[in-house]
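Since the structure comes first, as structure tokens, the remarks are kept for the end.
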Amino acid sequence: MSNEQADYNEDELIAHLAEKTKVAAGTIKLVLKHEQTFIDKAKPNAQGEYDIDSDELVDYILAQKDVKLDELTLETILDAEMQYLLENGYADYED
């Protein structure tokens, strides 16, 4: 996963995730904020790439006091986000 800023519309992403997951837009925005904080703290490897461990990301977000989600719901949001980013060309899987 990359630490690059995407040029997507955040409001559009939040609306899409809310529709797909049936989770309130405010909660999704909070999740995305904590996700970005986690990514911003990541350190690049020797090749300058960022390797984000999804389990560590989930644990980090769930540990935040203002997040009131269960693990499955959080993973559903993150999976839907990745699917959106992949489908719209904002992200890709590295080999």
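A few comments on the model shown:
- Other residues with beta-carbon under 10 Å from the beta-carbon of Lys29 carry, at +1 per Lys or Arg and -1 per Asp or Glu, a net charge of -1.
- When the solvent-accessible area of the chain is split by element, carbon and sulfur atoms take up 45 percent of it, the probe being 1.4 Å.
- With 20 Å as the limit, the listed pairs Lys33/Lys68; Lys33/Lys65; Lys43/Lys65; Lys29/Lys65; Lys29/Lys68 have Lys43/Lys65 beyond it between alpha carbons.
- Distance between modelled label sites at Ala63 and Gln83, nm, 7 Å Cα→Cβ extension: 2.9
- Computed from the C-beta positions of Glu19 and Asp55, the FRET efficiency with R₀ = 35 Å rounds to 0.85.
- Enclosed volume per residue, in Å³, of the convex hull spanned by Cα atoms of the chain: 100
- Phi-derived couplings, Karplus 6.51 cos²θ - 1.76 cosθ + 1.60 at θ = phi - 60°, listed residue by residue for the range 47-55: 8, x, 9, 9, 10, 9, 7, 5, 5 Hz, with x used for Gly and Pro.
The values are calculated or read from the model by the stated rules, or taken from the named source; none is laboratory data. Every value quoted in this text rests on a predicted model; they were computed, and no experiment measured them. Cβ: placed from backbone, ideal geometry, glycine included. Neighbour counts: every protein chain shown. Just the protein is used for accessible areas: all its heavy atoms, side chains included, with ligands, DNA and RNA removed. Shrake-Rupley method; radii C 1.70, N 1.55, O 1.52, S 1.80 Å.
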